[in-house]
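All remarks here apply to the structure that follows.
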Amino acid sequence: MAQVYPAATAAPAAAPRPSRRCAATSCRNCGDWRAWAPSESIPEGIRITMVGLWYVLLSVLVAVAATNTGNNALYGVLALMFAVLILSGVLSRQNVRGLAITFDPPAEIFANRPFALGFALRSCGYLLPRWLLLLKPAVEARPVLLPFVPRHGRSQGRLEMLIPRRGPYRFQYAHVASLFPFGFFRKGVRYHLDLEVLVFPEIFPAAAGTPEEPENQGADATRHAGWGHALFALRGFRRGDDPRGIHWKQTARTGEIVFMEREAEQTRRLSIVFDNAVGQLADEAARRRFERLISEAATTALDHLARGYEVELVTRGQTLGFAAGVRQRLAILELLAMLAPAPRRHDPLTGRDPRASQLRIHLDAGSPEQPAAPREQQHVQVIAAAGVREERGRPR
Amino acid sequence: MSRERRPRPAAAAPGRPAAAGHLRFGREKRLLVGMLALLAPLPLPFNDVVGWPVLAAYAAAVILFLRRARRDPPRWLPVWGMNVLGLAYLPLGALDLLVINRGHLVGPVVHLGLYALVCKLFALTRERDKWQAVLGIFFIFLAAMGTSVHPTIVIYLGAFLALSLILLMRLTYFHVLGDFGRDDPALARVPMRWLLASTSGVALLLAVPLFALLPRVRTPFIVGRGTGTGAVLEASGFSDAVSLDSIDQIRLSHKVVLRIRHEGPGAPREEMRFKAATYDLYRGGSWQRTPPHGTLDRRPGGRFQLSPVAPAGWISVTLQPLRSRSLPLPVEAVVVEPRMSTLEIDQGGAVSFGISPLEVRDYRVGLAVRPVLLGMVPGPQPDPTLDLSGVTPRIAALAKLAMGQGVPLDQARRLERHLSSSYGYTLDFAGRSADNPIEDFLFRYKSGECEYFASAMVLMLRSQGVPARLVTGFLGGEFNLFEGDFVLRDSNAHAWVEAYAEPAGWQIFDPTPPAGRPLQSSRGVWLLANQAWDFVSFRWDRYVLTYGLYDQLQVFNWLQARWHSLLGLFHRHGAEARAWRSVPGGAGATSAAGAASGRGAAVAALSPWWLAAGAAGLLALAALAWLLVRRLRRPATATAAYRRLRRQLARSGLPLPPSAAPLAVGAQAASRFPAAAPAAARVIDFYLRESFGGERLAPPDLAAVDAALAAAAEGLRLRRAS
């Protein structure tokens, strides 16, 4: 929903107060450390409103009456109406010019999910404040209303936005419009922004591809200490060790407190094999299916990472090895955000760890062209076009 | 039995989402529209378009509406109720049109508009209703403006403009806030008082040139002068038929009729007599105008020669519309330049236009030293100046007695003295009968005003065979300090006698006692105030009400002349400068050449090109000084100091990309300019504290920043020097 923001005069300013006049082209001299957008505005045209149309019609009517009667009082009214019209244009133009606008996008933006985009708008004008500004970062975005920005003042806040597609998204312009002063015209200008964000794939509420955990989960040693069952090493007791881990027999034998370190069990792993070798996508429906599969992969990856899994993402041309944590989450999202269809290939795409759970995703899963999963893989689930899960193998 | 309560309309609840189409911000919008509606018809009763009772009733209804709007009740007049009220007005409207106003449309239409507006105000429940009400207000405003001629209408115009702008701005705010689902009126309370004041002022100023330039294709329509639509009293003294009290009616008014400016040197005349119309036939207590004798010949230059006498001086006259064809001319007039194609002259020598002019007329008049009376010499055949209508035996007997024996000139003078000394001047005619007013004046009441005196003298002269006629015009005048003109008002209207008195010919006789002659007006503060108001109203009449196509042409000509003179200034100076350069011997030559060269040098020095170049140079110097001051000024923040440091580094050969972080800047500066590194590091440290730490630096810190910046600059300078 669009918001209304009053002037942020009371908002705590992180930057020191401006002490010098803005330069003509930018607000870099305002004392704010942030790089403000240049204040050159590009006209976006002027649109007459219904009120403006009525005003023009009335002006024509008065003009006809004045011409017909030669009554100078009516000429005076007509002159005044024209003067107001001219003033409206001048004030409207002045109102949307001389602004410096910055946007502060959030760290993660997902497709089709609303997000709050921080903005700050500074009026570089010393003569007049700014009234009734409608600001939006993109043409398709819903505007935010700034009823009043004081002279050389600043207004900041957040506006809600939604980007429907994954991938790079460029905020090329900030669009500012205003009906001020008399509502006759809607004057619009845009300001260069050149701000680019990476939109991650859409995340579904629940992942369609949730492979079962293999039965041998924890059977393999990891060769480092942990909380598994197998013995990893015996060592002297240190402060902070859990007393329950004291090896009493060895303690009795050696006379010193011996601590039994256990070996960590094998981490739970998921390999997401996304075969993007689908060739040229034929139509919009195929493209939608492809996007949906990417979203399924992202949803599954995020879901498993959140549950402590190490997740591997294998695609044609780029593979992210098993890892967990925030960095892996970002890496997977970035890879999936930029993933594009690759030329068709028939060689199978496999994960690095054949014993890990595996989610195989391909646009043409189940079709004769798509090679079957290797027999040695224990847990393989395939997500086909519409997110239908298909069991392709059972653990031996 | 309990009755179920109906829910309140959604529009009445502030802060609650209103139903589609319902009025949002209803209280504020109603108050704004109501105030504008209260103001709109204010001039109408002054213009006699509606009566004061109608305006009072309307104002009471609007005030009631405003009080109700202030309380903001939920229930207002429904649309069907408004329609019923509209239907109820139909018989009233018919009565108004057919009986009260007897077929005149303007009054009933305005009454209907006011009634409809009041009904609409009480039925403002939807968004579109407010615009319909505003439209109605606008038409009332147009009616008020279109029928107004008084200068004070400017005050009304300004007030209406300011209130309209407030309304438009607030409605725009409410509209946008409503679109954003915000029904809190506090959001619209943004400071815009100064904007409104300045916008109204600028709009009025901007309207002035627009008013002057809007193309006029029709003659300005003059409703009239004076109050409102204006009575036409001023025409009564100079129409084709005048009664004996017409001048009396005019003299009650103090409106300026003529403005006279003397051209050339010489003291302006204190007393001037302007002849406007002559009357020969007296019928039943009123005079019939002398018919036109023919048209005057138009000479080259638009000049009409009245007499072969050469003019000894000239005056410029500005004539306000008289509602008469009469062209008032001084009795000394011999030439007139009226900017008209034709002029008529009657047998009595009074000059008139072909048609009654509706706008201000300017004309020049050439004057002789003495009065030049242009009446035709009476012939042997029956002459209208000897018409004995209205002459009774009693009048003839009195005339014979008063005139005595002698030549007609002496007789006429004796009669003039007799009337002015034996009769009194009065403007009180209450109770007098109109059966035989001249006889009543001479034998019963023995008092009257100028027309009685003049009429009596004309009849008495005719009774004794002396040709005579009544003349109306203006006498006297006053000097207006504000305008520098002599002005003649309606109160200067006068009537006198022209008689053909042998052996002198046509002569002026004024039998009115001195107390009744409209000579010099009284002096004092009141006169000054009157003259100041005349100054304003004349300009209002001249440059607003009667501004027309010819005035526009004059404006364009004036602009064109100014433009050419400006261009000519450059060309002339250029030519003179070239002439100076071509003088043999140049600046060092002797005698005449030297003097010429000296003057030429001065001309060349004062040439506009040099002046323009000098101004540009001064501007450049000012810009340079500003830049220097800006550079030398102590930075007010560490951020500014840091930015200046970066500029200094760039000038010293260390260009840094905008993305370079402060610490990277410091590191690079240290590697390239070790001498400046400690100072640069101090500047950067302060900058980081201020920008990233959000710390507001104290004055000692700022002084330290300044010192560090200076040290860094010195280090960089040493490096550059080495």
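The values are calculated or read from the model by the stated rules, or taken from the named source; none is laboratory data. Everything quoted here is computed from the prediction, not taken from an experiment. Glycine gets a Cβ as well: all are built from the backbone with ideal geometry, and neighbour counts include every protein chain shown.
Quick one: would you say A:Asn71 is at the interface with another protein chain (Cβ under 8 Å from one of its Cβ atoms) and either in contact with a Phe, Trp or Tyr (Cβ under 6 Å, 6 or more places away or on another chain) or more than 28 Å from B:Thr199 (Cα to Cα) (or both)? It would help to see each step written out before you state the result.
Working: at the interface with another protein chain (Cβ under 8 Å from one of its Cβ atoms): yes; either in contact with a Phe, Trp or Tyr (Cβ under 6 Å, 6 or more places away or on another chain) or more than 28 Å from B:Thr199 (Cα to Cα) (or both): yes.
Yes: the conditions hold for A:Asn71.
For the residues B:Ala123, B:Ala188, B:Ala143, B:Ala133, the requirement of being buried (at least 19 other Cβ atoms within 10 Å of the Cβ) and either at the interface with another protein chain (Cβ under 9 Å from one of its Cβ atoms) or of a type in the set (S, T, N, Q) (or both) singles out B:Ala188. Among the residues that make up segment B:75-97, is at least one of them under 23 Å from B:Glu28 (Cβ atoms), touching a helix residue (DSSP H, G or I) at 6+ places or on another chain (Cβ under 7 Å) and part of a helix (DSSP H, G or I)? Yes, because at least one residue in segment B:75-97 is under 23 Å from B:Glu28 (Cβ atoms), touching a helix residue (DSSP H, G or I) at 6+ places or on another chain (Cβ under 7 Å) and part of a helix (DSSP H, G or I).
Summed over segment A:161-183, the residues that are away from every other protein chain (no Cβ under 14 Å), hydrophobic (A, V, I, L, M, F, W, C) and not in a strand (DSSP E or B) give a count of 2.
Among the residues of segment A:28-57, those that are in contact with a strand residue (DSSP E or B) (Cβ under 8 Å, 6 or more places away or on another chain), at pLDDT 55 or above, under 21 Å from A:Val189 (Cα atoms) and of a type in the set (A, V, I, L, M, F, W, C) comprise A:Ile42, A:Ile46, A:Ile48. In segment A:286-304, the residue that is nearest to the chain's Cα centre (by Cα) out of those that are more than 15 Å from A:Asn276 (Cβ to Cβ) and of a type in the set (Ser, Thr, Tyr) is A:Thr299. For A:Glu140, the stated conditions hold: it is free of Cβ contacts under 8 Å to residues at least 24 places away in the same chain and either outside any loop (DSSP other than H, G, I, E, B) or surrounded by fewer than 24 Cβ atoms within 10 Å (Cβ to Cβ) (or both). When restricted to residues that are closer than 13 Å to B:Ile260 by Cβ and among the acidic types (Asp, Glu), segment B:353-378 contains 1. If you take the residues in segment A:119-133 that are within 14 Å of chain B (Cβ to nearest Cβ) and assigned to a strand (DSSP E or B), which one is modelled with the lowest pLDDT? That would be A:Ser123. Mind checking which residues of segment B:375-411 are within 22 Å of B:Tyr423 (Cβ to Cβ) and crowded, with 17+ Cβ neighbours inside 10 Å? Across segment B:375-411, the qualifying residues are B:Gly390, B:Val391, B:Ile395, B:Leu398, B:Ala399, B:Ala402, B:Met403, B:Pro408, B:Leu409, B:Gln411.
Based on what the data block shows, is B:Leu415 at pLDDT 90 or above, in contact with a strand residue (DSSP E or B) (Cβ under 7 Å, 6 or more places away or on another chain), crowded, with 20+ Cβ neighbours inside 10 Å and under 29 Å from B:Gly505 (Cα atoms)? No: the conditions fail for B:Leu415. Would you confirm whether any residue within segment B:431-447 is part of a loop (DSSP other than H, G, I, E, B), modelled with pLDDT under 85, closer than 29 Å to B:Arg323 by Cβ and touching a strand residue (DSSP E or B) at 6+ places or on another chain (Cβ under 6 Å)? Looking through segment B:431-447, none of the residues is part of a loop (DSSP other than H, G, I, E, B), modelled with pLDDT under 85, closer than 29 Å to B:Arg323 by Cβ and touching a strand residue (DSSP E or B) at 6+ places or on another chain (Cβ under 6 Å). Selection over segment B:326-363 of residues that are within 33 Å of the chain's Cα centre (by Cα) and part of a loop (DSSP other than H, G, I, E, B) gives a count of 18. Could you check, for segment A:113-123, whether at least one of its residues is in contact with a His (Cβ under 7 Å, 6 or more places away or on another chain) and surrounded by 22 or more Cβ atoms within 10 Å (Cβ to Cβ)? Looking through segment A:113-123, at least one residue is in contact with a His (Cβ under 7 Å, 6 or more places away or on another chain) and surrounded by 22 or more Cβ atoms within 10 Å (Cβ to Cβ).
Among the conditions (1) surrounded by fewer than 22 Cβ atoms within 10 Å (Cβ to Cβ); (2) not in a loop (DSSP other than H, G, I, E, B), the only one that B:Pro308 does not satisfy is (2).
Tally the residues that are at pLDDT 75 or above, not hydroxyl-bearing (Ser, Thr, Tyr) and not in a loop (DSSP other than H, G, I, E, B), restricting the search to segment A:184-224.
Narrowing segment A:184-224 to residues at pLDDT 75 or above: A:184-205.
Remaining after also requiring not hydroxyl-bearing (Ser, Thr, Tyr): A:184-190, A:192-205.
Still in the list and also not in a loop (DSSP other than H, G, I, E, B): A:185-190, A:192-200.
Of the residues in that region, 15 qualify.
Restricting segment B:191-223 to residues that are within 8 Å of chain A (Cβ to nearest Cβ) and of a type in the set (Gly, Ala, Ser), the residue that is farthest from A:Thr69 (Cα to Cα) is B:Ala203. Beta carbons closer than 6 Å, at least 6 apart along the sequence or on distinct chains, pair a first residue in segment A:335-347 that is closer than 16 Å to A:Gly167 by Cα and part of a helix (DSSP H, G or I) with a second that is modelled with pLDDT of 90 or more and among the aromatic types (Phe, Trp, Tyr) for A:Ala337/A:Phe200. Checking each residue in segment B:62-109 for being charged (D, E, K, R) and on the phi < 0 side of the Ramachandran plot picks out B:Arg67, B:Arg68, B:Arg70, B:Arg71, B:Arg75, B:Asp96. Within the set A:Ala107, A:Ala65, A:Ala83, A:Ala116, the sole residue that is without any contact (Cβ under 8 Å) to a residue 12 or more places away in the chain and either away from chain B (no Cβ under 14 Å) or not in a helix (DSSP H, G or I) (or both) turns out to be A:Ala107. Taking segment B:160-185 as the range and being of a type outside the set (A, V, I, L, M, F, W, C), facing another protein chain (nearest Cβ under 9 Å) and within 30 Å of B:Ala144 (Cβ to Cβ) as the test, the residues that pass are B:Ser164, B:Thr172, B:Tyr173, B:His175. Give all pairs with beta carbons closer than 6 Å in which a residue from segment B:57-85 that is buried (at least 17 other Cβ atoms within 10 Å of the Cβ) meets a residue that is part of a helix (DSSP H, G or I) and β-branched (Val, Ile, Thr); count only pairs at least 6 apart in sequence or on separate chains. Qualifying pairs under 6 Å: B:Ala61/B:Val118.
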